[in-house]
1. So what are the ³J(HN,Hα) numbers for the range 64-76, from phi and the Karplus equation (6.51, -1.76, 1.60; θ = phi - 60°), rounded to whole Hz, Gly and Pro as x?
2. From the alpha carbon gyration tensor of the range 1-87, can you work out the equivalent ellipsoid semi-axes (sqrt of 5 times each eigenvalue) and give them in Å, largest to smallest?
3. Tabulate in residue order the Karplus-calculated ³J(HN,Hα) for the range 19-29, using 6.51 cos²θ - 1.76 cosθ + 1.60 with θ = phi - 60°, rounded to whole Hz; enter x for Gly and Pro.
4. About its Cα centre, what dipole magnitude does the chain give when the only charges are +1 on Lys and Arg Cβ and -1 on Asp and Glu Cβ, stated in debye to the nearest 20?
5. So for the pair V110, D123, with labels modelled 7 Å out along Cα→Cβ, what separation do we get in nm?
6. Please identify every one of the trypsin sites (Lys or Arg not before Pro) in the range 24-106 that sits in a loop by DSSP and has no more than 16 other beta carbons within 10 Å of its own beta carbon.
7. For L15 and L153, FRET efficiency with R0 = 35 Å and r from the beta-carbon atoms, rounded to 0.05?
8. Cα-based Rg (one decimal) and Dmax (whole number) for the chain, in Å?
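Quick note: the coordinates plus some simple rules give every number you see, no bench work behind them. These numbers come from a predicted model, not from an experiment. As a convention, Cβ positions derive from the backbone with ideal geometry for all residues, glycine included, and neighbour counts pool all protein chains shown.
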Amino acid sequence: MTVAIRPAVREDVPLLLELIGALADYERLRDELHATPELLETHLFGACPAAEALIAERDGEAVGYALVLQTFSTFLARPGLWLEDLFVLPAHRRARVGGALLAHVARMAVARGCGRLEWSALDWNEPALAFYRGIGARRLPEWHLHRLDGAALTAFAAQSP
């Protein structure tokens with residue numbers, strides 16, 4: 001079977017939402033999924049896209065996706081790419097679809113002059129962690145991911161200086 005990677009287009013919003021839902025189920029985070037077709041369309045294909053999505057297809061069937069956004073490293077003084085999502089439907093894992101998606105993102109980073117490609121992974125997702133080790137990715141144990149969201153984000157943003 002042939003794997004093809006293509007940029008997502010506006011018409012892919014329902015497909016992306018379906019794949020994002022499957023990722024949320026896999027990561028046991030369905031209760032945190034608040035994406036809507038309107039939000040995806042606005043923020044991926046609107047006037048000021050916040051990210052870009054790629055669709056992986058096997059023999060014309062959509063079987064996975066990746067979502068990336070640009071970052072910037074002050075130490076390198078170069079852009080980077082952040083891989084927000086990399087997901088392949090369970091029936092198509094071990095068919096090199098995830099590797100094809102990640103390699104495509106790596107080529108995008110190199111072509112854009114990026115100094116880094118970074119992502120996070122859940123600590124229990126051993127298949128993904130093993131794959132990342134296998135391609136030479138370094139885990140950064142000295143760094144801890146932090147997040148402000150929901151009420152905490154709103155409350156902190158409302159504080160006076």
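1. x, 7, 9, 10, 10, 9, 7, 10, 8, 9, 5, 5, 8
2. Working from the Cα gyration tensor, I get semi-axes of 22, 17, 15 Å.
3. Values per residue, Gly and Pro as x: 5, 5, x, 5, 5, 4, 5, 4, 7, 6, 10 Hz.
4. For this selection, approximately 800 debye.
5. 3.4
6. Sparse-neighbourhood loop trypsin sites (Lys or Arg not before Pro): R28, R93, R94, R96.
7. Once the sixth-power term is evaluated, E becomes 0.75.
8. For the chain, the Cα radius of gyration and maximum Cα-Cα distance read 16.6, 58 Å.
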